[in-house]
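The block underneath contains the structure these notes are about, expressed in structure tokens.
The values are calculated or read from the model by the stated rules, or taken from the named source; none is laboratory data. Here the structure is a predicted model, which is why all the values come from computation and not from measurement. Here the Cβ positions follow ideal geometry from the backbone for every residue, glycine too, while neighbour counts run over all protein chains shown.
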Amino acid sequence: MAAPLLPAWSQSFLVGILLGLLPPASSLAPVTDEDAALLPEVPKSIRCFSRSFEDFTCFWDERGNATFHFYYHYSTEGARECMLVTQQLQDGGWRHICVFPSQDVRLFTELCLRVVDMANNRTVRTRKLNVEEMGLISLPANITAVGAGAAGQLWVRWEPPISEYSSFFIYKVQFCTTGSREPGCQEVLVSRTACVLALRPGQTYRIQVCTKPDGSSLNGTWGPWSPALLAETPHSAEEFGLRCSTPDLQRVHCEWTPAPADANGSHTLFYQPHESPGPPRAEAWQRCQGEAGTGPQGAHACTFWLGNASAMTMVVKVTRDAQPTRSYFGEPFHPDRAVLTAPPRILQANVSAGRLWLQWAVPLAELAQHMVYQVRYATDSSQDWKVLQIQHAADSEVLDLRAGSRYRLQVRAQPNGQQFGGYWSAWSETVVVQAPSEAGWVVPSLAAVPLFFTGLLLVLRCTFPSAYSSMKQKLWPPVPDLYRVLGGFLSDSSKQLQANALFYKPPEELVLSCLLEIMSEGSGAELPVEPAPPKVPVSPAEEEEEEEAAEAGSLGSLQQDYMVLRPGSPIGSHHGNEYLDGAGDTAPLGSLALLLPVPGLPQVGADAQHPPHKRLGSLQAHGTPLDTEAEETWGLPGSGEQPMPATDIANQSYLLMSSWAQPRGP
């Protein structure tokens, strides 16, 4: 049976209610203030835009309350009138809007617009344009932001506003920091519907996206910003020291210690093969089984199989009560660059001849040719370890040890960093060795030598006393008694010194005889001049022997040499003076010493008060008169004074001729 129909008045009442629920026509404005603000100002013209290139809207603003007609036509068709919608502006003006029918929206065809004032039927506004150049694209849809697989990175994705024209759009992404006194905003331009933002780890950002045609086939202006999306960037796993390594290139072992703020949360490690670029796939995350808290500080650890992946992405997610899950991303993990082997095992440590031969087992046979080692050692008396670097693949090493010392040794390994890289392993177990003393047999031998000779002497003394006494006299002769040997002499000397103590007089200074004697005038007789014997021709060898004999004789009788001074020759020249020895022969030049007066020295005799004279008068040497025909200067300064008497010359002080340092004559 059919349901009874409602009365007519009831139907009218229901339609009224539905119409009352609909918003007024003015609220469904096709042009908003945001749209008008995005479009460039065109004075006395018409502004138009298209949100999808399947619609088209034109409008203009007027101050007065006039009535207008709006006409449009394409170049190949006749004009058509568009029904206008009027909106009142906040400043009191009016906005006149024309929404084109969808069948009248055409691309790549010129469109002509005209506005006519109905009061006077006069055209007040005109414009020519193309619909494909008037894009004001709608908002992107379904904007999301997730961690991009690294600390501080966000993978932002959205859907294009028009799927048919998605390849003709470009996008602008704006991200602003929140929770800061001075929030800053940055913008990036992308041509795809996704991008990776490298931001600060653990920071909350406000993200918005807008769209614009790329200008190749379609053009327009930037559309409105999408609603803000809040997203927190992933934290860095370095905050709690996440460290992953592989001990055998098959397994991955990760350790971390949570931060104090996350100590009470639930920690879970997820991993998946690293794919770059792009965000990690949510369905590819695998949970690591076997994580557990260890240690007093709640350290966590987890081990999983590596598989065939060449790189891995790890993230630790911390779930806390009544708070969103926080993610801690680690750096991309490459197994061949994060090798951490077990410590080497020491096999042998043999000491021979002061050298140690140390041998160990390679921790990972697959990497035997890619490992380097360190050996550290220390003595028992020192706490400082000395490290020996072995920069080549090896399984043994020879060390020089110090004799008599006790050593502690350890070994560790690391990939060489060329084909494989990683970390230093832990130190191996400590091995203790003792280096023997090289002088162990020398000290007893040296101590036995004195004992052997002592015993030999005792046996010799007891067995052969006479031989012992004679050998003792030769090896250790007795020291003479000085008192017994010199007793009489010492007693006589002491008595004589006591007897002559009252008459002791210090010795006088010795007076050296002068080699040049100056006689006063008229005293003494002239020296006889012996005639020179005739010179007999001799050979050069005999002549040289005679000269050497004469020189030796003159040196032997130096105390009896005489010199006859000739005033006519200067002192600097010795050719005018004759040097005579006691036999009357002429001595070789330079074999005698000559005394000359020295100015400024103290004088002797009664005439000491006279100043030293600088010119020599007539002199006699042992009564031999000197030639005084002309008074010549003797090379002394201040020539020109009066002659000096011989008595004054005799009272002068003289220098030795040897101090002249003149070369010897022939």
Selected residue [loosely packed, with under 11 Cβ neighbours inside 10 Å and under 18 Å from THR246 (Cα atoms)] from GLN418, GLN414, GLN389, GLN383: GLN418
CYS58 fails exactly one of the following numbered conditions: (1) among the hydrophobic types (A, V, I, L, M, F, W, C); (2) closer than 30 Å to PRO160 by Cβ; (3) not in a strand (DSSP E or B). What is the number of that condition? (3)
Which ones in segment 196-223 are hydroxyl-bearing (Ser, Thr, Tyr) and either in the same structural domain as LEU107 (by TED's automatic domain parsing) or in contact with a Phe, Trp or Tyr (Cβ under 9 Å, 6 or more places away or on another chain) (or both)? TYR205, THR211, SER216, SER217, THR221
On the given criteria, is VAL173 more than 30 Å from LYS44 (Cα to Cα), in a strand (DSSP E or B) and of a type in the set (Val, Ile, Thr)? yes
Yes/no for PRO201 being in contact with a strand residue (DSSP E or B) (Cβ under 6 Å, 6 or more places away or on another chain) and crowded, with 20+ Cβ neighbours inside 10 Å: no
Residue, nearest to HIS274 (Cα to Cα), within segment 303-338, restricted to residues that are touching a Gly at 6+ places or on another chain (Cβ under 8 Å), modelled with pLDDT under 90 and of a type in the set (A, V, I, L, M): MET314
Scanning for something surrounded by 16 or more Cβ atoms within 10 Å (Cβ to Cβ), under 15 Å from PRO140 (Cβ atoms) and among the small types (Gly, Ala, Ser), does segment 223-231 turn up at least one residue? yes
Which residues, counting only those in segment 336-377, are under 13 Å from TRP424 (Cβ atoms) and not hydroxyl-bearing (Ser, Thr, Tyr)? ALA338, VAL339, LEU340, ALA342, PRO343, PRO344, PRO363, MET371, VAL372, GLN374, VAL375, ARG376
What pairs come up if the first residue lies in segment 38-66 and is more than 19 Å from GLN90 (Cβ to Cβ) and touching a residue at least 40 places away in the same chain (Cβ under 8 Å), the second is surrounded by 13 or more Cβ atoms within 10 Å (Cβ to Cβ) and of a type in the set (Lys, Arg), and their beta carbons are under 6 Å apart, counting only those six or more places apart or on different chains? SER45/ARG127; ILE46/ARG125; ILE46/ARG127
Whichever residue in segment 67-85 is in a strand (DSSP E or B) and touching a residue at least 40 places away in the same chain (Cβ under 8 Å) and, among such residues, is surrounded by the fewest Cβ atoms within 10 Å (Cβ to Cβ): HIS69
When you check ASN142 against the structure, is it polar (S, T, N, Q) and touching a helix residue (DSSP H, G or I) at 6+ places or on another chain (Cβ under 6 Å), yes or no? no
Residue by residue through segment 96-126, note down the ones that are of a type in the set (Lys, Arg) and either buried (at least 18 other Cβ atoms within 10 Å of the Cβ) or farther than 27 Å from TRP222 by Cβ (or both). ARG114, ARG122, ARG125
For segment 318-373, give me every one of the strands (runs of 3 or more DSSP E) that falls completely inside it and has 1 or more residues that are surrounded by fewer than 17 Cβ atoms within 10 Å (Cβ to Cβ). 345-352, 355-361
